[in-house]
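The block underneath contains the structure these notes are about, expressed in structure tokens.
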Amino acid sequence: MEQGWLDLATARWTVRADASASGWSAVPEALRPRLLAGIPATVPGVVHTDLLAAGLIDDPYLGTVEADQHWVGEQAWTYRGEFDLAADAPELTEATCDLLCDGLDTVAEVFCNGHTLGRSVNMHRRNVFSTAGHLHEGTNAIEVTFSPVGEHAAAMAEQVGERVHVERDPYNLVRKMACNFGWDWGPRLVTAGIWKTIGLRSWSQARVTDVGVFATASQNAAGTWDGELRVHVQTTGNLRFASVTVRLKGHGVAVEAGLTAEHWTEVVIPVSGVRPWWPHSLGEQPLYDVEVVLHNDVAVLDRVQRRTGFRSVELDTTPDADGNGATFGLKVNDVLLFVRGMDWIPDDCFPSRITPERYRERVQQAKDAGVDLLRIWGGGIYEQEGFYAACDELGVMVWQDFCLACAAYPEEEPFATEVEAEARDNVVRLSAHPSLVLWNGNNECIWGFHDWHWADRLDGKSWGAGYYYELFPRILAELDPSRPYWPGSPSSGFNDVHPNDQNYGCMHIWDVWNERDYTGYDDYSPRFVSEFGYQGPATWATWARTLAPEDRSATSAAMLVHQKAAGGNAKLNQGIAGHLPAPGEGPEDFDDWLFAMQLQQARAVRHGIERWRSLRGRCLGSIVWQLNDCWPVTSWAALDLGTNAAGEPVARRKPLWYAIRSAYADRLVTLQRDVDGWRAVLVNDGRDDWVATGTVELRTLAGEVLWSRSLARLVPVRSRVDVPLEPDTRGVAESELALVVVLSDAERVVRLLVEDVAAAIPVPDYEAEVTRTDGGVTVQVTARSFLRTLCLFPDRVAEDSFPDSLGIDLFPGERHTFTVAGAVSDAALARLTTRPALRSLTIPLTPSEAV
């Protein structure tokens, strides 16, 4: 008989506090009776979301509320779920019944009808507890008691010693999402709860405990693709006379194999004529269903389904011929590609709120910006199934960090056992996903040890090197040799080469933003950049839902709660100098401050991406920090996180998103200037050769063409071509000039010869016409003067609307039409043609005569 299943999300759940916790005195007195008695709870979920639903706390994402809720993470909480076997799960009739917990956050003890089933101290791994002899007829109860993680971390410090980290709390002594304790873009909201699926599964004789699916592909001499499906099946129970059959559904292939008790059974199926899975930048994403059936001669005992795709992936680290560096590049199906990536953080401080639909929307937003890889950062979580499924279907590759970040981690027991267990669990859990192309040991831990003076503070204690150089590669060699592994981000790959050496491996570039102007990117010629970025504030509509009107200024107390970076505003002000006019920081300046700082962020990151792509061949990857946010904040993200009128989460596009879409286009023209002068770099990361034809012109800002050259080049697929330029200024001041490149199948490039603050940008003069169409709303702008970085911000009049384009340069007589997605009322239409919805860059930002 196959397994029975009861999803305990349907149970009647409550959550209550325990007054014995050391942090009880911090609980507001008015809440204590309700919390001790218990309130309704939702599973999956966490205490914060249950308190919100009960109306006992305010939304911590708004204003200054965050600081009022630190007490939540300092309590002991008990979740209790009641259910009736006969009424809720009549199929659970077998003698053996297990409680499956996909995610307990974090220090948890689990009970069934008062009997202890077990304990978990790791948010990142699955747990299975036997309920044998503890279930009965009528009402049953599952209880999960969560102890404060701070107490657990203190106890761990007593056992293994303290270790250096970068936040207020010792997040590196507990296996929990590190950014839960706060980060330089996120709030301190320490959660507890049953954050993933929990349920009862009954079984008879034997069951499948885990399945690993590894599908690889190779092209044969005939040009077709051969696949190999390698399935690892772990089973338990009475396996006498039992077998496992693996089927590739829809392909007419099935293989049966015998079993050995308590061990992995490997089934290998060669498959001819498969269609390979590609990242969207290279091809299509065919997926195949795999069924694993455990059975004996008379009955099916268990059945597991997985979806996968056939492809090969490797990490090319070929040494340079001169011995002074090495390639670092991903090869998919033997094609070496330039990675166009972004870093991913948890999309909510409360990950249980993230639905499969929300994951897919976010991955689609990345794909729409030309992104073909998302790096899951090591200070977050191993994401939920919906994330990887979306990446599989949409063709977005995944670089997966093991969950260790910016800290030294103990290698002693009992900590080491948990690190190994979670690594094994997630390597197998995620194995079927073709989008997962790389495992990475950590985020900035190796770099921190080398450059952040950890050695003196560690005094000889372990710091995680054994995980990165021994444990993780050993686990992958055992469980998943189909994927490459790299020790860290950044890492040179060698103990005797600095981890952030630009000639080897992957590097992070953070002196730009923290210390230097963004033109400092030009000083780097990396092999692969796995982190770099620049801050900018969220969109107007997000701030309007987050801050009271009186708090909408760069330096208000509420705004600064949503600026988590040390010296963040000072760095913004420092970085804009020499590029754009500095805005004021008062309430009356908020529009200009948002516009200037968002524009600065977009330009800085685009400058970096274009630098890395102009080095294509030497450099094979750009991963921008970061795609998304977990709450409303001034951060490095291209998508902010706010809400709409219905309280639903909305990720709004910042100007950075549009800049990344341009910089990550398949066919890119970038103008680079160095000591040898100007050159146009033509980059082709499309699927076919590019015959680039068009013109390069030097124009005055009034539109007069001073110099022009025809240009025609063949740019082979996955290559670049450099074209030296020698424009003749004819004695006209550079402040009045712009280079303009118009080539077939590429976005037009307009590059001022000087920075905007030094350019003779005229007061904007234009006509604008708004039209309602069957597809929505369009705004057509006709320039009467040069318009620098023309932007439409329709969220100023309709919070759920956004434009199809942003940051357009127009010369006199030229037109551009914006198409607006989202509902815009008739009453608001006219406001789309005036400031602050429609604006371009002026010097200064707010001249009195501006349109």
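What the table below lists for this structure:
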read-out: Charge dipole (debye, nearest 20) of the chain; +1 at Cβ of Lys and Arg, -1 at Cβ of Asp and Glu; value: 1240 debye
read-out: Degrees separating the helix 356-368 axis from the principal Cα axis of the chain, which is the longest one; value: 30 degrees
read-out: Helix 149-160 axis, angle to the chain major axis (alpha carbon atoms, nearest 10°); value: 80 degrees
read-out: Relative contact order of the chain, defined on C-alpha pairs under 8 angstrom at six or more residues apart (%); value: 9 percent
read-out: Estimated FRET transfer efficiency when R0 is 22 angstrom, pair ALA758-THR819 (beta carbons, to 0.05); value: 0.05
read-out: Sequence-separation-based contact order of region 507-649, relative, with Cα cut under 8 Å and 6+ spacing, percent; value: 36 percent
read-out: The chain, helix-only ellipticity at 222 nm - DSSP H runs n ≥ 4, -39,500 (n - 2.57), divided by all residues, nearest 500; value: -5000 deg cm²/dmol
read-out: Mean-position separation - Cα centroids, region 713-765 and region 784-803, in angstrom; value: 23 Å
read-out: Fraction in percent of alpha-carbon pairs per bin - 5 Å, region 631-715; value: 3, 10, 13, 14, 14, 13, 10, 8, 8, 5, 2, 0
read-out: Taking all pairs of distinct alpha-carbon atoms in region 750-814, Kirkwood radius in angstrom; value: 13.4 Å
read-out: Cα centre as origin, Lys/Arg/Asp/Glu Cβ charges: region 484-614 dipole, Debye; value: 400 debye
read-out: Cα centroid separation - region 208-235 against region 475-502, whole Å; value: 24 Å
read-out: Rg and Dmax [Cα atoms of region 357-473; Å; Rg one decimal, Dmax integer]; value: 16.0, 48
read-out: Size of charge dipole - region 548-683 - debye, nearest 20, with Cβ of Lys, Arg +1 and Asp, Glu -1, no other charges; value: 920 debye
read-out: Percentage relative contact order, region 60-157, counting C-alpha pairs under 8 Å, at least six apart; value: 37 percent
read-out: Anchor LYS196: lysines whose Cα lies under 21 Å away (excluding residues fewer than 8 positions away in-chain); value: LYS176
read-out: Which labelled figure in (i) 0.98; (ii) 0.96; (iii) 1.11 is Rg/Rh (Cα atoms, Kirkwood Rh), once derived from the coordinates; value: (i)
read-out: Tensor-based shape of region 146-185 (alpha-carbon gyration tensor, a/c under 1.5 rounded, otherwise prolate or oblate); value: oblate
read-out: Accessible area of the chain belonging to carbon and sulfur atoms, whole % at 1.4 Å probe; value: 48 percent
read-out: Separation between Cα centres of region 550-574 and region 400-442, rounded to whole Å; value: 35 Å
read-out: Crossing angle, helix 415-429 versus the chain [Cα axis fit, 0-90 degrees, rounded to tens]; value: 80 degrees
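The values are calculated or read from the model by the stated rules, or taken from the named source; none is laboratory data. Everything quoted here is computed from the prediction, not taken from an experiment. Cβ sites come from the backbone with ideal geometry, for glycine too, and all protein chains shown count toward neighbours. Heads up: the accessible areas ignore ligands, DNA and RNA and are worked out on the full protein's heavy atoms, side chains in. Shrake-Rupley method; radii C 1.70, N 1.55, O 1.52, S 1.80 Å.
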